[in-house]
1. Given +1 on the Cβ of Lys and Arg, -1 on the Cβ of Asp and Glu, and no further charges, what dipole in debye does the range 13-300 carry about its Cα centre, rounded to the nearest 20?
2. Test of understanding: ordering H217, H109 by Cβ neighbours within 10 Å, fewest first, what list do you get?
3. Can you tell me the relative contact order of the range 152-230? Whole percent, Cα pairs under 8 Å, sequence separation 6 or more.
4. What distance in nm separates the simple spin-label points at D156 and R203, each placed 7 Å from Cα in the Cβ direction?
5. Between R131 and Q225, 0.36 nm times their residue separation minus their Cα-Cα distance comes to what?
6. Given the rule -39500 (n - 2.57) for each run of at least 4 DSSP H residues, summed and divided by the residues of the chain, what is its mean residue ellipticity at 222 nm, to the nearest 500 deg cm²/dmol?
7. Return the sequence-ordered ³J(HN,Hα) values of the range 212-228 in whole Hz as given by the Karplus equation 6.51 cos²θ - 1.76 cosθ + 1.60 applied to θ = phi - 60°, using x for Gly and Pro.
8. Taking Cα pairs under 8 Å and at least six residues apart, what relative contact order does the range 79-175 come out at, in percent?
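What follows is calculated from the coordinates using simple rules that are stated; it is not laboratory data. All of these numbers come straight from a predicted model, not from anything done at the bench. Positions of Cβ are backbone-derived with ideal geometry, glycine not excepted, and every protein chain shown enters the neighbour counts.
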Amino acid sequence: MGTELALIDPSLRIGSARLAVADLSRSVDFYERVLGLALISQDEDSAVLGADRDRPALVLAQLDDATPASPHSTGLFHLAWLHRSRAELAATVRRVAAARWSIHGASDHGVSEALYLTDPDGLGVEIYADRPRERWERPASGRGVKMVTLPLDLEDLMAHAPADPEPAMAAGTLLGHVHLKVSDVPRAAAFYSDALGLQEQARLPSAAFLSAGGYHHHVGLNSWQSHRASAPSDSAPGLRLLEFELDPPDALAALERRLADGPEGQLSTQREPERLEVSDPDGHRLAFIARNGQAERRSSA
């Protein structure tokens, strides 16, 4: 890759995700009552939710005649909801526990503290809070971050929780990262780095973590269960679209040039004003949106 290709906008963030679900009412109940997102709108076929009512972050779409996805297919591993503080994370944990929903994992990753559960369709959900960046450990090379998986000190975390469960996620909670199941980690990582311009921050056995702006990761990739696997069927619940927001006015045009000039210049893209869509090697649909345009559309809605 030529050095003239600029990295992707360092202020990139995940704006929203679209999931196809088997039972819309059941999924809305989970994401609203258990996880704590606000229900912004709902009709017969879809629902929109978010921690902030003026900032949609999750779209749920009803599937007709849904069929289960194989755990060994590619697709969504988890969507990760980033809390601004340990206290806000602890409040979500208490709410999930009060709803008697199972939490099946809790880990200290060094850069963050995280807990794991699944939604009614078995799609992964992470709730987490970051440690301050100055406390992130760096490899000897100074590039990237050290990510570990250690037991979480749940007792210490929950000491920060309110006495009673909060009914909703705190405003400001957002999608911090997405973790995808892929068929070939080196191939997928090359796409996100060489084609899109994210930087690899950490590599584990059969997993890679990439980001913009030095974050520990906006995108996680693994083939722990999906090595050489194919995509799930269209009738299976799962991720249908992931939207990233870019900030500078020229960031979208710069990404379009990178996709055209990079080593994978034959990629099929869809371009609209303030929006660019592309699929990764495993068929995950990605949209990149000009953040200023999004704000203008929300204010005029």
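1. For the range 13-300, the charge dipole is close to 660 debye.
2. In increasing order of surrounding Cβ atoms, one gets H109, H217.
3. Working: 106 pairs, mean separation 23.5, N = 79.
It rounds to 30 percent for the range 152-230.
4. 3.2
5. Extra length available between R131 and Q225 comes to 30.9 nm.
6. -4500 deg cm²/dmol
7. So the Karplus estimates, Gly and Pro as x, are 10, x, x, 5, 5, 5, 9, 10, x, 10, 8, 10, 4, 10, 10, 4, 6 Hz.
8. Computed value for the range 79-175: 42 percent relative contact order.
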